[in-house]
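Notes for the one structure printed next.
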Amino acid sequence: MLAIVSTLLYTANNMKAPQLDDVGSFIREQRERSAISIRRLAQLTGVSNPYLSQIERGIRTPSAEILRSIAGALSIRTETLYERAGLLDRDEPPGVSEAIDADDRLSAHQKQALMEIYRSFITSDQEGR
């Protein structure tokens, strides 16, 4: 378990800043990893299917409100999408939470499990002080 957290910390400290134009492809990757069709994502977000398709292809730039609804439907942090869309600047390197969210190899369930484990370490570490 400690090796996983150590790897995540290393990844967090060595991640490149996201490019502003990759929000659409990132949304598509997260949708596909979550096994959600674009039609289902449209239903979950209240955003039309054609508009979501245009966002994923980089034709349209989504508003902060739409990004928030997409993040909720895909179970990812809203801030992650804001950063990828260029709406939020990152002044410091990402932490463990951001590294977990940004790792495209992890499923939504795996991300949730890792976050629960990480939070339990943080909580127990603070209680032990």
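Some observations on this one:
- Any hit, the stretch 65-75, residues being part of a loop (DSSP other than H, G, I, E, B) and over 16 Å from the mean Cα position of the chain (by Cα): no
- Residue within the stretch 6-28 that is acidic (Asp, Glu) and at pLDDT 90 or above present: no
- Residue count for the stretch 40-50, restricted to those that are in a helix (DSSP H, G or I) and surrounded by fewer than 16 Cβ atoms within 10 Å (Cβ to Cβ): 5
- Boolean, Ser53 is under 13 Å from the mean Cα position of the chain (by Cα) and either part of a helix (DSSP H, G or I) or of a type in the set (A, V, I, L, M) (or both): no
- Only residues that are closer than 21 Å to Arg28 by Cα, among the aliphatic types (A, V, I, L, M) and either outside any loop (DSSP other than H, G, I, E, B) or modelled with pLDDT under 80 (or both) were counted across the stretch 86-109, and they come to 5.
- Within the stretch 66-85, restricting attention to residues that are among the β-branched types (Val, Ile, Thr) and within 20 Å of Gln112 (Cβ to Cβ), the residue that is modelled with the highest pLDDT is Ile70.
- One residue stands out among those in the stretch 23-39 that are of a type in the set (S, T, N, Q) and in a loop (DSSP other than H, G, I, E, B): the one that is nearest to Ala102 (Cα to Cα), which is Ser34.
The values are calculated or read from the model by the stated rules, or taken from the named source; none is laboratory data. Keep in mind that what you see is a predicted model, and the values were worked out from it rather than measured. Cβ coordinates were reconstructed from backbone atoms using ideal geometry, including for glycine residues, and neighbour counts include every protein chain displayed.
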